[in-house]
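Inspection log for the structure reproduced underneath, given as structure tokens.
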Amino acid sequence: SRGINEISWNPVSPLLATASDDKTVRLWDAVTADALVELKGHDNFVFCVDQHINTIVTGSFDETVKLWDIRTGECVSTLPAHSDPVTSVHWNRDGTTICSASHDGLIRLWDTATSEYLKTIYAAGNPPVSSCRFSPNSKYILAGTLDSTLRLWPVTVSGKNCCAKTYKDEHFVNTKYSIVA
């Protein structure tokens, strides 16, 4: 009933998921355009959504990340993920890990089988993170931050918090809008 913030395709079936300012996620049949399921449980705007086979992950301005079972429409896990609005969520290729990002400047990695926290990634100065995406091989996370920078981070659960590559155009300054990675 309010604005849509993000749309996600299901990788194995013709399903679309939408994240909305009405605090819901809706699952749609991409062929018929029928609304199939409405997922309710966030306490604030749902800003981001991603799908992996039978599971949806969502992030909200309520500072949580939720995992949902597509078949039942039930929330199977709520992660107290961040201390500011969650701006991005993304599955790795095999669905074993989720990354979440927030205006708190952190990118967090989560084990999807156990919902356990694995690691935190952050840039110097903790610029708000607007977007995070796993690389196709799941070895890196590309993150866009509100200091007009894209950073490529290696995904290793252990080890240092070291950025592999920084992309920044000194002629372009963005402090307000999302940079989609």
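Some notes on this structure:
- Residue count, segment 15-32 (criterion: open to solvent by 70 Å² or more (accessible area, probe 1.4 Å) and either under 18 Å from L67 (Cβ atoms) or assigned to a loop (DSSP other than H, G, I, E, B) (or both)): 3
- Qualifying residue in segment 81-100 (condition: of a type in the set (G, A, S) and surrounded by fewer than 19 Cβ atoms within 10 Å (Cβ to Cβ)): yes
- Residues that are at pLDDT below 95 number at least 3 in none of the strands (runs of 3 or more DSSP E) confined to segment 37-121.
- Residues satisfying the stated conditions in segment 145-167, i.e. closer than 21 Å to L118 by Cα and either open to solvent by less than 50 Å² (accessible area, probe 1.4 Å) or not small (G, A, S) (or both): R151, L152, W153, P154, V155, T156, V157, K160, N161, C162, C163
- Filtered residues of segment 103-148 (kept if farther than 18 Å from T64 by Cα and either touching a residue at least 60 places away in the same chain (Cβ under 8 Å) or polar (S, T, N, Q) (or both)): N126, S135, N137, S138, T145, S148
The values are calculated or read from the model by the stated rules, or taken from the named source; none is laboratory data. Model, not experiment: these values are computed from the prediction. All Cβ positions, glycine included, derive from the backbone under ideal geometry; neighbour counts span all protein chains shown. Surface accessibility is based on the protein's heavy atoms, side chains included, excluding ligands, DNA and RNA. Shrake-Rupley method; radii C 1.70, N 1.55, O 1.52, S 1.80 Å.
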